[in-house]
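The values are calculated or read from the model by the stated rules, or taken from the named source; none is laboratory data. From a predicted model like this one, the values you see are computed outputs, not experimental measurements. Cβ placement follows ideal geometry from the backbone for every residue including glycine, while neighbour counts extend to all protein chains displayed. All accessible areas refer to the heavy atoms of the entire protein, side chains included, with ligands and DNA or RNA removed. Shrake-Rupley method; radii C 1.70, N 1.55, O 1.52, S 1.80 Å.
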Amino acid sequence: MVGASLQKCLFPVAGLGTRFLPATKDIPKEMLPLLDRPIIHYGVDEAVTSGCRDIVFVTGRSKRSIEDYFDRSLELEHLLERRGQKEVRDDLVRISEMANFAYVRQSEPLGLGHAVLCGEPCVNDSYFGLILPDDVILAEKPVLGQLAEVHAALGGSVLALEKVPWEETSRYGIIEGSECADGIFRISNLVEKPASGEAPSRYAIIGRYLLSPTVFRHLRSAKAGVGGEIQLTDALRELLAEEPVFGLLYKGERLDCGTKKGWLKATVTMALRDPELKDFVMDIVRKEGSDGEGD
Ligand code: UTP
């Protein structure tokens, strides 16, 4: 276990998932499957293997299936037992035993910053992990655990960074800062979605954070922007004027499941890496790819 001091991890899952409509009219985006598990399972797995025992979901309307997924399902378990499918039953029980799960509601989707603020009563006064589950990250060492190691060595808050092409800076929060150790930056400023010509660097913030509880004070005083939304980046900018905030170029491979194309790519990538599915997928692609050629 890495990052033993990190106990709590927050998962904001109250967004509307409009990029997946109509599927997300009733199914939370976080419950869309990546092979045989919902997307959210990968994020929770990362938090747990990083040492977190308490998982806090900030949920909203139509998100009940997330609560059900991480709870026992006695009827189903009995049925599987009667059918002699004990291993499948045990796998299901293990999901509910991964961690302690707590839920708070965000009654209106007023932005990521507001969702994080809704989690405050469950986090109290400790440093906490924050995972945006759209980003599934395949890594030898869980990324939140990598952030916890930087925190253990240097203190302060730590954000996961990725070097993105200049033409993509306008899709991310971008940091300004100086490298203080190999792959670790002391952040001096954050710019939200800068045009490539105006970006202070190519280091983008992705969906993994280890944050000081001081951020809640800045979220409370943050002014709502477009659409009444409270931006996390604004509160982080205030935070770094007061406390150290570091950025870590994490080691791992990010699969962005927040868009249809990204989710499809993630599904194909995972299937191609599964020895039982690889040939099956390749056969489909060869057949479907060649159908229509020469038409
Ligand atoms: P996104 O903007 O990527 O997710 O927010 P979304 O709003 O659900 O998706 P689209 O853009 O409509 O397709 C990043 C994360 O913040 C959460 C989302 O659930 C997601 O995990 N979030 C966002 C909230 O919990 N509350 C909000 O008000 C906004």
Within the range 100-124, the count of residues that are in contact (Cβ under 8 Å) with a residue 40 or more places away in the chain and outside any loop (DSSP other than H, G, I, E, B) comes to 16
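The rows are residues; the columns are (1) touching a residue at least 12 places away in the same chain (Cβ under 8 Å); (2) assigned to a loop (DSSP other than H, G, I, E, B); (3) in contact with a Lys or Arg (Cβ under 7 Å, 6 or more places away or on another chain).
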residue	(1), (2), (3)
Ser178	no, no, yes
Ile205	yes, no, no
Tyr209	yes, no, no
Phe216	yes, no, no
Glu238	yes, no, no
Leu248	yes, no, no
Lys261	no, no, no
Cβ pairs under 6 Å, 6+ apart or interchain, first in the range 26-54 and on the phi < 0 side of the Ramachandran plot, second outside any loop (DSSP other than H, G, I, E, B) and among the aromatic types (Phe, Trp, Tyr), ordered by first then second residue, are Lys29/Phe20
With criteria (1) touching a residue at least 60 places away in the same chain (Cβ under 8 Å); (2) part of a loop (DSSP other than H, G, I, E, B), Pro275 comes up short on (1)
If we keep only residues of the range 8-29 that are open to solvent by 10 Å² or more (accessible area, probe 1.4 Å) and at pLDDT 95 or above, then the residue nearest to Phe101 (Cα to Cα) is Lys8
Exercise. Among the residues of the range 49-66, is there at least one that is modelled with pLDDT of 95 or more, open to solvent by 50 Å² or more (accessible area, probe 1.4 Å) and more than 9 Å from the ligand (Cβ to nearest atom)?
Worked result: yes
